[in-house]
């Protein structure tokens, strides 16, 4: 029997994961600044082996939405500099695999519910994920207002397959990662920056540009594919 609109809340695991991946990274930032302030001298003298361990742990914590990717990029820029782009890319790419796996595990029936409850939205998403999945993922990842952990859940639930999810995500995350690493490298007080990334002029300017690029990309895709469907509700 097909799912009915009122059955949407019954897929509780998907909604629980979505709430977790939305709020946990935000709560982490508050405590991260204090911890870093107490360990600043020790982190300054980390060896390459220490940093390998840090990034290995970050893969798990980012994958389970315990650590915001922006915080990892800021700290990497501050302590390592622009050379940190390689381990940061590898870390968030591996973390995205964990997120993808969680989404596939939790959302087996989620797409069916969306298809019945919101057929117009589902039809439009099908156009995006089937005809331009890489563009869809790239513009989703570029946007600084769409959190990494949340999109790890939303993109697979929207029907994005693994290959565009992984490779498109790697490309899309690159610009915002570079902005955060550059802001970290230029920062004089990393603790304040971690607690309030929005105070950095580099972050403000870079994220504003990326938001415009993402918004323009979505508008282009909507004009390209939206005409083939009934407008979204």
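The values are calculated or read from the model by the stated rules, or taken from the named source; none is laboratory data. Everything quoted here is computed from the prediction, not taken from an experiment. Every residue, glycine as well, gets a Cβ built from its backbone with ideal geometry; the counts of neighbours run over all protein chains shown.
What to note about this one:
- Contact map, region 153-182: first residue touching a residue at least 40 places away in the same chain (Cβ under 8 Å), second residue surrounded by 18 or more Cβ atoms within 10 Å (Cβ to Cβ) and assigned to a loop (DSSP other than H, G, I, E, B), Cβ cut-off under 7 Å, separation 6 or more or different chains; pairs are 156/107; 157/107; 176/144.
- Condition broken by residue 78, with the remaining ones in (1) at pLDDT 65 or above; (2) buried (at least 20 other Cβ atoms within 10 Å of the Cβ); (3) under 17 Å from the mean Cα position of the chain (by Cα) satisfied: (3)
- Sole exception among (1) modelled with pLDDT of 75 or more; (2) in a helix (DSSP H, G or I); (3) surrounded by 12 or more Cβ atoms within 10 Å (Cβ to Cβ) for residue 29, by number: (1)
- Scanning region 175-195 for residues that are under 17 Å from residue 90 (Cβ atoms) and either over 13 Å from the mean Cα position of the chain (by Cα) or not in a helix (DSSP H, G or I) (or both) yields 178, 180, 181.
- The numbered conditions (1) crowded, with 17+ Cβ neighbours inside 10 Å; (2) farther than 26 Å from residue 68 by Cβ; (3) at pLDDT 75 or above are all true for residue 122 except (3).
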